[in-house]
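Worksheet: the structure to be examined is printed underneath.
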Amino acid sequence: MIGTGYVGLVTGTCLAEVGNDVLCLDVDARKIETLNGGGVPIHEPGLEPMIARNREAGRLRFTTDVDAAVAHGALQFIAVGTPPDEDGSADMQYVIAAARNVGERMSEYKIVVDKSTVPVGTADRVRETIAQALRARGVEHPFAVVSNPEFLKEGAAVEDFMKPDRIVVGADDERAIATMRAVYAPFQRNHERLLVMDVRSAELTKYAANAMLATRISFMNELANLADALGADIEHVRQGIGSDPRIGYHFLYPGVGYGGSCFPKDVKALQYTARQQGRPLALLDAVERVNDAQKLRLVEKIVERLGGSLAGRTFALWGLAFKPNTDDMREAPSRAIIHELVQRGARVNAYDPIAMHEAQRVLGRRNDIAYATSPMHALEGADALVVVTEWKEFRSPDFDAIRKALRQPLVFDGRNLYDPALVRAAGLEYFAIGRR
Ligand SMILES: NC(=O)c1ccc[n+]([C@@H]2O[C@H](COP(=O)([O-])OP(=O)(O)OC[C@H]3O[C@@H](n4cnc5c(N)ncnc54)[C@H](O)[C@@H]3O)[C@@H](O)[C@H]2O)c1
């Protein structure tokens, strides 16, 4: 398993869990040191005990030794990062470096599996990179390149991997397809979930899935803003449309915009690919614009209520991670909100059940951001409560206690967590996204 981040570590661990012998490679020596010391560098429910028991059983090991990793397995999964480049395209340097490492060392048949989210055409580049390395060595070894995009959700990654909705395999090599079927058989004993297709379709499927989900979110956010203007309640509208089986309830929650390591970068990368083909995606341009604006929707409401200058104000902020059950702060809406609040002179008392350490790392230590030890502690001396991430522990708070703790009885809810009548009955002014 090449790359030991959210995807590589979960994939490697779950493959070990069903009996495979897995060696995980990373260039980040500190990460490998942590894992070899029994630690886990990321937060993912259920992952820690699974790593521990598979390490103990000797089926899961971690290394920085590239020679050992290439020698270890017939299957070489590439699960390295594909961050956005400045022009929005996916930065492929890590994928290509991983492929080159394999080509420079392999001495027998290998199946190289692209698990990272990569633009259409990457399998061809990976194939060419390996072929070039083999030519440079003057050797010939057979190999196959397979696209196997990952659909796991952070926060439920282990569960998703163990019980996938579908497994997409893009390949044209029969031997590689048979091996992939064998690898994934333990995860689909109930019924077949493996879809075999050509490589380019597999690569595009991953982007299409994330683009569709991002589109649903932006659609609802735009409608929520309209509901605000019209005096309608978006929560009623959400249920009214979600009950239609052609629409469904998933990913129709209005809020403070999507974030995380995938949607923002994958939407950008797909737009880049489309532009390169002379077929720009007008819909996705709008999805992104709507999302960028939505991240500041809550601050707009704060400014409407409290005025443009927030100097001397303090805000209790609940939730830093881009979504619940993860410590991931990449592109988290909390970052845009905090940035805008402090820019306007405010201070922020932040609380998150898991992501506080990661938040301190990415936001840096600063005087205008304090970290509270509990949700209630965050309220002390604050002018208003701002809810940014829908962690379970925020869903049913004591509204009377909130009113007593705050300097002003103001709640700005970026996730529509509460029943407006209940909050108002406690004497709080309540502002949410698209709610009456
Ligand atoms: N995070 C998600 O929820 C998710 C879901 C589906 C797909 N993906 C995709 O999977 C890929 C990985 O995402 P992630 O979130 O796990 O990234 P990550 O940044 O958490 O992890 C990537 C790891 O790869 C390592 N790495 C980089 N170059 C390497 C090399 N040459 N050899 C060995 N290791 C190397 C890095 O040190 C890092 O630990 C991305 O393409 C992403 O889009 C992510």
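Looking only at segment 343-351, decide whether some residue is of a type outside the set (Val, Ile, Thr) and without any contact (Cβ under 8 Å) to a residue 24 or more places away in the chain. Yes, because at least one residue in segment 343-351 is of a type outside the set (Val, Ile, Thr) and without any contact (Cβ under 8 Å) to a residue 24 or more places away in the chain. Every listed requirement among (1) surrounded by 22 or more Cβ atoms within 10 Å (Cβ to Cβ); (2) within 16 Å of the ligand (Cβ to nearest atom); (3) without any contact (Cβ under 8 Å) to a residue 60 or more places away in the chain is met by LEU213 save one, (1).
When segment 111-152 is limited to residues that are among the basic types (Lys, Arg) and more than 15 Å from the ligand (Cβ to nearest atom), the one that is farthest from ASP165 (Cα to Cα) turns out to be ARG137. Within segment 67-83, being within 10 Å of the ligand (Cβ to nearest atom) and closer than 18 Å to TYR6 by Cα holds for ILE78, ALA79, VAL80, GLY81, THR82, PRO83. Kindly establish whether ARG330 is out of contact with any His (no Cβ under 6 Å at 6 or more places or on another chain), within 28 Å of GLU44 (Cβ to Cβ) and part of a loop (DSSP other than H, G, I, E, B). Answer is yes for this residue. Annotation: of all residues in segment 132-152 being in a loop (DSSP other than H, G, I, E, B) and touching an Asp or Glu at 6+ places or on another chain (Cβ under 8 Å), the one that is surrounded by the most Cβ atoms within 10 Å (Cβ to Cβ) is ASN148.
In segment 397-410, the count of residues that are within 23 Å of PRO45 (Cα to Cα) and either outside any strand (DSSP E or B) or in contact (Cβ under 8 Å) with a residue 40 or more places away in the chain (or both) is zero. Screening ASN225 with (1) within 26 Å of the chain's Cα centre (by Cα); (2) within 15 Å of the ligand (Cβ to nearest atom); (3) farther than 21 Å from VAL10 by Cα gives one miss only, at (2). Of all residues in segment 282-302, which are touching a helix residue (DSSP H, G or I) at 6+ places or on another chain (Cβ under 8 Å), surrounded by 14 or more Cβ atoms within 10 Å (Cβ to Cβ) and assigned to a helix (DSSP H, G or I)? The answer is LEU284, ASP285, ALA286, VAL287, GLU288, VAL290, ASN291, GLN294, ARG297, LEU298, VAL299, ILE302. Take the conditions (1) closer than 26 Å to PRO264 by Cα; (2) within 11 Å of the ligand (Cβ to nearest atom); (3) surrounded by 18 or more Cβ atoms within 10 Å (Cβ to Cβ); ALA97 misses just one of them, which is (3).
Let's see how each residue does on (1) within 27 Å of LEU47 (Cα to Cα); (2) acidic (Asp, Glu); (3) at pLDDT 95 or above; (4) crowded, with 16+ Cβ neighbours inside 10 Å:
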site: ARG105; (1), (2), (3), (4): no, no, yes, yes
site: VAL112; (1), (2), (3), (4): yes, no, yes, yes
site: THR117; (1), (2), (3), (4): yes, no, yes, yes
site: ARG181; (1), (2), (3), (4): yes, no, yes, no
site: HIS191; (1), (2), (3), (4): yes, no, no, no
site: SER201; (1), (2), (3), (4): no, no, yes, no
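From the list ARG30, ARG53, ARG59, the lone residue that is closer than 21 Å to ILE354 by Cα, among the basic types (Lys, Arg) and at pLDDT 95 or above is ARG30.
Could you say which residue among GLY37, GLY19, GLY3 is crowded, with 17+ Cβ neighbours inside 10 Å and either away from the ligand (no atom under 12 Å from the Cβ) or modelled with pLDDT of 95 or more (or both)?
Among GLY37, GLY19, GLY3, only GLY3 is crowded, with 17+ Cβ neighbours inside 10 Å and either away from the ligand (no atom under 12 Å from the Cβ) or modelled with pLDDT of 95 or more (or both).
Looking only at residues in segment 160-179 that are surrounded by fewer than 16 Cβ atoms within 10 Å (Cβ to Cβ) and closer than 25 Å to PRO324 by Cβ, the one that is farthest from the ligand (Cβ to nearest atom) is LYS163.
The values are calculated or read from the model by the stated rules, or taken from the named source; none is laboratory data. From a predicted model like this one, the values you see are computed outputs, not experimental measurements. Here the Cβ is made from the backbone with ideal geometry for all residues, glycine too, and neighbour counts use every protein chain on show.
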